[in-house]
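Before any comments, here is the structure.
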Amino acid sequence: MTTYAVIRVLVLLLVLLPLLSAVVVPVFGRAARRVSLLLALVHLGLTAAVVVIAVAWFDTRTPISLPSVPTHDDFKVLRFRPEFVPGEAGPRVSSDVGGHTSWTLFSLQNKQTPPGKSGPNVQFYIGVDGLNVWLVALASLMLIPVILVSWESVKEKPGAFFGWLFLLQAGVIGAFLSFDVILFYIFFELTLIPAFFLIGKWGMGSGRRDAARKFFLYTLAGSLLTLVGVIGVVLTNPNPDGTITFSIPQLMVNVQQGLQTAHQKALAGDGTELAAKHATQFWLFLALMAGFMVKVPVWPFHTWLPSAYGEAPTGVTVMLSALMAKLGAFGILRLVLPLVPDAAILYGLPVIGGFAAFGIIYAALCAYASKDMKMVIAYSSVSHLGFLVLALFAFNKEGLSGAVLHMVNHGLSTGALFAALAFLVDRYNTTEMSKFGGLMGRFPGFALLFFVLCLASVGLPGLNNFVSEMLMMAGLFDARNAGVSRMWPAVIAAIGIFLSAWYTFTMLQRVFFNPLKEPEPVVPDVPVAGVSRREFVALGSLATVCLLLGLFPHVLLDTMKPDVRVLSIIGDSARARVGGVPYVYVDDEPKPKPLPAPPAPIIKGGDDKGGKDKKGGKKGGKKDPKAEE
């Protein structure tokens, strides 16, 4: 079996192992936490193997290239190229296409679709590309600290609790890996079920059931509208033979070719077809964004978040902030930008960006006014994710690269901050700031870890968030979207970064400095212990990863570069259509430097006719042109 075939099996196991664990773990009862940790470590090892091989494999891919004035057929290369696709059968149609699968879940036709062709089949189409590989790694990594911080706090039915956590991880990873729109939606919705039970059953307060119900209804209502948008995209962008397809890469080709044909007619004087496509895309854009805006969440669709984050167990809050919030942003990246690109240019920054920009400031002020550390971090997450949404709709290389990198960085830093709060919850059962003071001297080890994570969250140079925030800022400064000034999104984002430092350092000053003050511990008359080995491993490992990503972000950026380039070209072509001008492709990729000419050979000795004299010159005979070169 080849290495490529082995990695395809491992990619399949990335989804199947959490699903199997969700069934097996509840059987172990009180021992479930140790079994869960072992299974999570196995999953992380599988993920590490896939990431290492995938990063090396992506370096060998040929970058796409277009003629300066692309034609209808040239847009076939503007598609995602999934690798290590389970069920891949037959030779590939082209090296620019990526893998296909023959695993069909159900079909809308009686005849079988030939290998490499897309048809009306909902397929188990998963694979790895530069946009999802590091998000899958994040989903695999974060489960380990979640298990560790929930080690002592979950006492009621721990087997069921950890089983639901594995099901939640399976849904998140499945959505990240999906290249079939229906399969993506299935995994996207699957995450609601375990999250609902985790909040409602193991929540911390008396309002946990109401919080779980509100979370479920909000996200379900938005997701149903997203399903309408998904079906609309499929029906309005059929294959050239008239059949529909659910393959995201093929839908990208169909969308681009249809828009390019309408654009050529518009340039010739008939803009009816292009106007009709723009009207259709407007409604599809609104439908798709309904679910993603709730999931991110973007103001004013964030109202489910305070109660859900506040009532959920600390470990579940880590999963909600680090992973589930990224599903909304990833949905924009995977579906909205490539499938309704013209609407994303027309309405992304002016409309959705307006909501996100207001949410950056509003959530930052709410974070400053909050009295609970959990709510400070929760509203901070809303503010930072608004910045991410702005960068996505900048729809250029810098903005897209920074947004994808920030999905990973924000998941690490914010998830780690929530995990750190488990230290206080386990000992005092509260995170209310007014009850704490002087913890710097009381728990210096915890203070050091918490300080590092807070500095990563506010974007200190040398830590992970700094790089992604600067890239997103550069993308916003270079945003050339219709109806948007280049300045205001970047200014709002910069204000958000400043406010982030303001409310974060205010929280640190109130809790870790001032005279010592602490509430009644959970176990009275027993000295409160410092950071345990388990907690140090959970928090220290995340702090170390934040430092490594701050020092070596190019490892992630180089991996996603080809796929970001595809989306940036789609964005540039959409700008041309919206502006009513021809699209001119500019290849700004650096050209490989020519190899230096080999040195001239040295010929020793010679004769009277054609040899060399003592100084190296020739005495006679014909000149050797190869030697002179």
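What follows draws every value from the coordinates through simple rules; no lab data is involved. Every value quoted in this text rests on a predicted model; they were computed, and no experiment measured them. Cβ placement follows ideal geometry from the backbone for every residue including glycine, while neighbour counts extend to all protein chains displayed.
The HN-Hα couplings worked out from phi for the stretch 306-317 by the Karplus form 6.51 cos²θ - 1.76 cosθ + 1.60 (θ = phi - 60°) are x, 6, 5, 5, x, 8, 5, x, 4, x, 5, 4 Hz, whole numbers, x standing for Gly and Pro. For the pair TYR585 and GLU432, the difference between a 0.36 nm per residue extended length and the Cα-Cα distance amounts to 49.5 nm.
The protection proxy used here, the mean number of other Cβ atoms lying within 10 Å of each residue, ranks peptides 224-230, 72-78 as follows, highest first: 224-230, 72-78. Which shape class applies to the stretch 473-568: rounded if a/c is under 1.5, otherwise prolate when a/b exceeds b/c and oblate if not, where a ≥ b ≥ c are the square roots of the Cα gyration tensor eigenvalues? Note, shape of the stretch 473-568 comes out oblate.
Adding -39500 (n - 2.57) for every DSSP H run of four residues or longer, then dividing by how many residues the chain holds, sets the calculated 222 nm ellipticity at -20500 deg cm²/dmol. Put simply, the Cα atoms of the stretch 183-255 extend 57, 16, 14 Å along their principal axes, the longest span coming first. If you take the Cα centroid of the stretch 420-438 and the Cα centroid of the stretch 243-286, the two points sit 54 Å apart.
For the residue pairs LYS155/LYS517; LYS155/LYS201; LYS214/LYS295, alpha carbon separations beyond 23 Å are given by LYS155/LYS517.
Residue-wise HN-Hα couplings along the stretch 138-143, as the Karplus relation 6.51 cos²θ - 1.76 cosθ + 1.60 with θ = phi - 60° gives them from phi, are 4, 5, 6, 5, 5, 5 Hz; Gly and Pro carry x. Each Cα pair under 8 Å and six or more residues apart adds its sequence gap; the mean of these over the residue count of the stretch 3-579 is a relative contact order of 15 percent.
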